[in-house]
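Here it is, the structure in full.
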Amino acid sequence: MIKESEIILKKLFPICRSITGNGVRQMLSILKKEVTDFDIKEIPSGTVCYDWVVPDEWNISDAYIADSSGKKIIDYKKNNLHIVNYSVPVNQTMKFDELKKHLYFLPDMPNAIPYRTSYYKRTWGFCLSYNQLKEMDKKAKYHVFIDSALRPASLTYGEKIIKGTSGKEFLFSTYCCHPSLANDNLSGQVLWSFLLRQLKAKKLRHSYRFVILPETIGAIAYLSKNETKMKKISGGYVITSVAGPGKYGYKYTYLGNHLIDKAVENTFKDLKIKYIPYPFDILGSDERHYSSPFFRIPIGTICKDKYYEYDCYHTSLDNLDFISAKNLIKTLDIYSKVIDRLEMDLTFKSLCPYCEPNLGKRGLYPEIGGSIKQKAADFKKKHHDRKYQISQKENIKGNKLDIIRWLLFYSDGKTSLFDIYHKTGFQIEQLYEVAEELRRHNLLALV
Amino acid sequence: MIKESEIILKKLFPICRSITGNGVRQMLSILKKEVTDFDIKEIPSGTVCYDWVVPDEWNISDAYIADSSGKKIIDYKKNNLHIVNYSVPVNQTMKFDELKKHLYFLPDMPNAIPYRTSYYKRTWGFCLSYNQLKEMDKKAKYHVFIDSALRPASLTYGEKIIKGTSGKEFLFSTYCCHPSLANDNLSGQVLWSFLLRQLKAKKLRHSYRFVILPETIGAIAYLSKNETKMKKISGGYVITSVAGPGKYGYKYTYLGNHLIDKAVENTFKDLKIKYIPYPFDILGSDERHYSSPFFRIPIGTICKDKYYEYDCYHTSLDNLDFISAKNLIKTLDIYSKVIDRLEMDLTFKSLCPYCEPNLGKRGLYPEIGGSIKQKAADFKKKHHDRKYQISQKENIKGNKLDIIRWLLFYSDGKTSLFDIYHKTGFQIEQLYEVAEELRRHNLLALV
Amino acid sequence: MIKESEIILKKLFPICRSITGNGVRQMLSILKKEVTDFDIKEIPSGTVCYDWVVPDEWNISDAYIADSSGKKIIDYKKNNLHIVNYSVPVNQTMKFDELKKHLYFLPDMPNAIPYRTSYYKRTWGFCLSYNQLKEMDKKAKYHVFIDSALRPASLTYGEKIIKGTSGKEFLFSTYCCHPSLANDNLSGQVLWSFLLRQLKAKKLRHSYRFVILPETIGAIAYLSKNETKMKKISGGYVITSVAGPGKYGYKYTYLGNHLIDKAVENTFKDLKIKYIPYPFDILGSDERHYSSPFFRIPIGTICKDKYYEYDCYHTSLDNLDFISAKNLIKTLDIYSKVIDRLEMDLTFKSLCPYCEPNLGKRGLYPEIGGSIKQKAADFKKKHHDRKYQISQKENIKGNKLDIIRWLLFYSDGKTSLFDIYHKTGFQIEQLYEVAEELRRHNLLALV
């Protein structure tokens, strides 16, 4: 899967993916054809979505700055970051001073081309490295050429819903805009498609809604078109920046302690991976819209090198040398385990709530009694704090008889397995497995 | 009372008390006759109690293992722990290898005979010390003799309800099974009877339900027969392991901060006794049933050498040398003070809630005003934290005028004296006494 | 204003202000005439107020102790603290031993005359310094003369209500009793009148009820006469002891975390003033009545040298040398800023709650996108704890775009600006200003 992911990353990287246009369509078609099937849909330009309007579609075929000798010193065809996204067509010769108002560069990162956009203000611009800027003749005239088109057409996005039986639905969203930037967010797009393919092959209790859309306007348009359905979503994740060389990070939901968060914390704990916890922030990605007052969907984000945090963020240095397919597959595995946990957070009701059931007659209790000894006490002392407040650091492999008893004790139809995990510290998988066994014994029922 | 308790302990210790049978009847009769009156009741074998069935009654008159010379090398008459409880009759000669499957011993405690039971699986067994085992000839044959009887009859328990007037009822439960083991639980049985006798002599506000029954099946059968009444119980204690030489311990209720817990914490604080706090654990005694999802009665347990925690637990070394009557009476005194606190946790409503009442005209305020000085402030600073969160370490003897004012301030019909204790740190007895005085002045009414 | 306040302090200091009588009337008239207008009202003696009765009015024209030579050794006209408030008339010659039962002094503060009262017990007494006492001849006879009158008349108080539009009302109460004592409470009386004048000049959203009344009986009588209105008060402050040389202190409301408290904490934080936090205490002033079970109005008190805490409290050393007009005006400024905060704690509802609104089309967002960088993350890390629990120590001047987004995110019609302050740490003024701007853009509505 690492090899496969490497091939896809290389194929998609050069495509100029903006918030609309043929680049997005091309990228989605490749993912659909080469990874897994999903629906590709279009929303017409001019569609009103709450406070916003879907903008005209932007396409670009060429753009450059040439010097007086006709030599292209900045060439869109060499790196699509050179053009400010949504630049209008230009074909004009101008002095450096005039041109400079349209140039974007980073003096403190002299080799990097920054990434800039102007979706809602009709203008044009070029991004270049500071070294390239220094080489330009400040007295000369330059020929500026942009062969772009801004016309009413549509915004393109992808969607696939995997139906479960529980009535609960989770969202996995990623953004398909951003041109040749690898970690943010080509990595997210590829992981999204791999995760979708994996889930299709599983038998799932819950439903999972996968969307891949342009950031901000795409999410807003999607929410607007799917208002009732989105209002019912239990929670979800925005997939972005998942394949960098640095640390794992997790951006919490706006609630900070939702199942969405607990499933991630528990997965990292189980894998013994340290991660940087990022509190919810209004800056970020589409969680801002999914969690807005009307929808309030709790959204988390697992990153490997979180956007904003790594030096080459939003520059040409966020390229295929920065990320790796291996890292991408590692993060995929984490997301996959997180989903296992979402599937495991069930709530049961004891079918024998009056006293402890007779475990012996079901073969769940040793026949010779009396031998529970100091071991029992030691065991308890280790993983119970005073007044049974368990330290959240534990993820204990417990004694089965113990787990049976705690499950029967807490299963009142309101306390979920994650709640019981937080009260006892026993591993969620173990709680899940023992609970399923008790269900087969008709001692627990799912609520 | 120490002397009296010593006599009873010695008389009861040798009796073979299992979950049913004549040993239990004999022990209950002695307590009833020599300590205090209560009802002795029987539940027929075969009675269905939720998920359980009352088992046949077990009685035993003799049991031994004899060597080929006829010498009894293991003899039930020397120590009733030698026989696995509920062993079926046997009269058979067999090789050591065959016999060994039925032997229980503790290699790491070579002098101790362990305590074992087999209530629900028809089998037999002997418990012996590891030293005894080592002396046996592994090549020899042995004569095994058990003269026991398992026949439908009944399960025996004791019960006494002391009626109060408040409508609130508390439970004091102990278990009468376990043969010659002193701390667990002969000590609990004796304390239970002494406490019952004490309470009968007092004028009590609340009702107290005292039950003495075989562990597990006894509690389950009792809950099943008294479902509606038990559902109304406010809380209670399981009395066990109360006379060891070691530290006091308190096993919290499953709620961890119920009045049942507060009354114990406060008593220990008042007596300046350090104790080991044990969080609620599903392992333990009948609290597991009393606190099960349907009943959810909060149950605490005060121990001196808690079961599981002391080395000789469930062995022949838990004998009359291990415990002392003096320790038993000390713990009795603690339980008695705990009950005082249950009686004192009243809730009042101010009859003059509009402003502070005129204390002067009732002789509750000094006639010459103006002299409250720095002392007042110093006093306050000492026993109030910021924002009046009192440290739970305090148990202050306060100024009476202060206590009057706080009582009148907080008595809104919802805030109990224990709540006021937690807000102000004043001793519960003092709050109680001053509240009763304010009641006589018609400034407070009981709710 | 310092100069003005100095003049008023000097004019009012010598007046004998008890809980009733012409001294109070005189003082209120001067404040009304020289500072700001308010209503002066009377409640007849004998009026029943809950558990109390308005006492007879007390007036005094002269009082002294003269030695056998006729020399006045203790003279009310030199310091009105010499007379126990509410002393009955006396004209008698007596031995020192007899007289001594009526003398009050402080052995550990030999220069200070204490302040004493006897409102509800008909008696008489003199207060004198311990040095004065020592000079008296213990064998001699003394002539005691008190020309006082206790007759049914009335209790006098001042009141002014400033009407706002929000329907919310806050209380500012001070007590006008206490004779020649400067910090407690002449300083409070003068601050009260200055604050009232200031508020009248402002455009206010809320209503403010200002009362100046004798402590205890005045507050009780006022509550009794205004029961329904007082039950609707949102909170308030008792103004006392505001001009000493020592530290600021704040006595919390009985709730401890009410808006009344938050507004004070925030003001002190903003002014970078350290203060001593005093938890709510039943000892104190009229908060005892305002917060009594029926009314439960949360009342705070800002002090500069809190009553009880400074050495010369309730003695003749609490005089104009102890306090300063400058300190008084400083505390006035704090109260004024606290009121600003009460006015700023608004709750808004987003008018575009579905997603983030299009800020760009309203000129609230930079036109060229993509440049939010590491700075954003650094900024956040600094002022957000894990899971967005902000440390209450912060009072951050934030980035406007950030504030816009957080306001729109949290404004769900239930979360007030103070709540948002506690979640984000941004300055309340800044939140208020940006919220008002968003209201002008029709993005927020006041609820």
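So A:Asp281 ticks every box in (1) modelled with pLDDT of 95 or more; (2) assigned to a loop (DSSP other than H, G, I, E, B); (3) buried (at least 18 other Cβ atoms within 10 Å of the Cβ) but one. Which box is left unticked?
Exception for A:Asp281: condition (1).
Is it the case that some residue within the stretch C:194-211 is on the phi < 0 side of the Ramachandran plot, free of Cβ contacts under 8 Å to residues at least 60 places away in the same chain and under 14 Å from the mean Cα position of the chain (by Cα)?
yes
Among the numbered criteria (1) in a helix (DSSP H, G or I); (2) within 11 Å of chain C (Cβ to nearest Cβ); (3) surrounded by fewer than 23 Cβ atoms within 10 Å (Cβ to Cβ), which one does A:Phe268 miss?
Just one mismatch for A:Phe268, condition (2).
Would you check if B:Ile273 is surrounded by fewer than 24 Cβ atoms within 10 Å (Cβ to Cβ), touching a helix residue (DSSP H, G or I) at 6+ places or on another chain (Cβ under 8 Å), β-branched (Val, Ile, Thr) and more than 9 Å from chain A (Cβ to nearest Cβ)?
yes
Which residues, counting only those in the stretch A:38-66, are surrounded by fewer than 16 Cβ atoms within 10 Å (Cβ to Cβ) and either small (Gly, Ala, Ser) or outside the structural domain of A:Ser316 (by TED's automatic domain parsing) (or both)?
Across the stretch A:38-66, the qualifying residues are A:Gly46, A:Ser61, A:Asp62.
Given the criterion farther than 30 Å from A:Thr415 by Cα, within 12 Å of chain A (Cβ to nearest Cβ) and not β-branched (Val, Ile, Thr), identify the matching residue among B:Glu309, B:Glu367.
Details: B:Glu367 fails: within 12 Å of chain A (Cβ to nearest Cβ).
None of the other options fit; the residue is B:Glu309.
Within the bounds of the stretch A:178-186, is there any residue that is under 11 Å from the mean Cα position of the chain (by Cα) and among the aliphatic types (A, V, I, L, M)?
no
Continuing with this model, one more query. Please state which one of A:Tyr130, A:Tyr120, A:Tyr115 is within 11 Å of chain C (Cβ to nearest Cβ), touching an Asp or Glu at 6+ places or on another chain (Cβ under 9 Å) and surrounded by fewer than 19 Cβ atoms within 10 Å (Cβ to Cβ).
A:Tyr120
Considering the stretch B:185-223 alone, what residues qualify as being of a type in the set (S, T, N, Q) and either surrounded by fewer than 20 Cβ atoms within 10 Å (Cβ to Cβ) or closer than 13 Å to B:Lys160 by Cβ (or both)?
B:Ser193, B:Gln198, B:Ser207
Return the pairs, sorted by first residue and then second, in which the second residue is charged (D, E, K, R) and assigned to a strand (DSSP E or B), the first residue lies in the stretch B:154-174 and is more than 18 Å from B:Leu28 (Cα to Cα) and in contact (Cβ under 8 Å) with a residue 60 or more places away in the chain, the beta carbons are less than 9 Å apart, and the residues are 6+ apart or on different chains.
Pairs found: B:Glu169/B:Arg209; B:Phe170/B:Arg209; B:Leu171/B:Arg209.
Counting just the residues of the stretch C:39-56 that are within 14 Å of chain B (Cβ to nearest Cβ) and not β-branched (Val, Ile, Thr), which one comes out nearest to B:Tyr354 (Cα to Cα)?
Applying the filter and picking the extreme gives C:Tyr50.
Search the stretch A:47-73 for residues that are outside any loop (DSSP other than H, G, I, E, B) and pair each with any residue that is among the acidic types (Asp, Glu) and modelled with pLDDT of 95 or more when their beta-carbon atoms are under 6 Å apart and the residues are at least 6 apart or on different chains.
Sorted first by the residue in the stretch A:47-73, then by its partner, the pairs are A:Ser61/A:Asp147; A:Asp62/A:Asp147; A:Tyr64/A:Asp75; A:Ile73/A:Asp67.
Hey, another quick one. Does the stretch A:314-334 hold any residues that are over 20 Å from A:Gly300 (Cβ atoms) and either touching a strand residue (DSSP E or B) at 6+ places or on another chain (Cβ under 6 Å) or within 14 Å of chain C (Cβ to nearest Cβ) (or both), and which are they?
A:His314, A:Thr315, A:Ser316, A:Leu317, A:Asp318
Residue check, B:Ile239 against (1) farther than 20 Å from B:Lys326 by Cβ; (2) surrounded by 24 or more Cβ atoms within 10 Å (Cβ to Cβ), all met but one. Which one?
(1)
For the structure I just gave you, tell me whether C:Ser187 is assigned by TED's automatic domain parsing to the domain that holds C:Val24 and under 30 Å from C:Asp56 (Cβ atoms).
In short, yes.
Follow-up question, since we're still on this one. Please work out which residue is farthest from the other protein chains (Cβ to nearest Cβ), limiting yourself to the stretch A:343-358 and to residues that are under 26 Å from A:Gln198 (Cα atoms) and surrounded by fewer than 21 Cβ atoms within 10 Å (Cβ to Cβ).
Here is the first cut: in the stretch A:343-358, the ones under 26 Å from A:Gln198 (Cα atoms) are A:343-347.
If we keep only those that are surrounded by fewer than 21 Cβ atoms within 10 Å (Cβ to Cβ) as well, we get A:343, A:346-347.
Details: A:Glu343: 25, A:Leu346: 17, A:Thr347: 13 Å.
Once the filter is applied, the top-ranked residue is A:Glu343.
The values are calculated or read from the model by the stated rules, or taken from the named source; none is laboratory data. Just so it is clear, the model here is predicted, and its values are computed rather than measured. Neighbour counts are summed over all protein chains in view; Cβ atoms, including those assigned to glycine, are modelled from backbone coordinates with ideal geometry.
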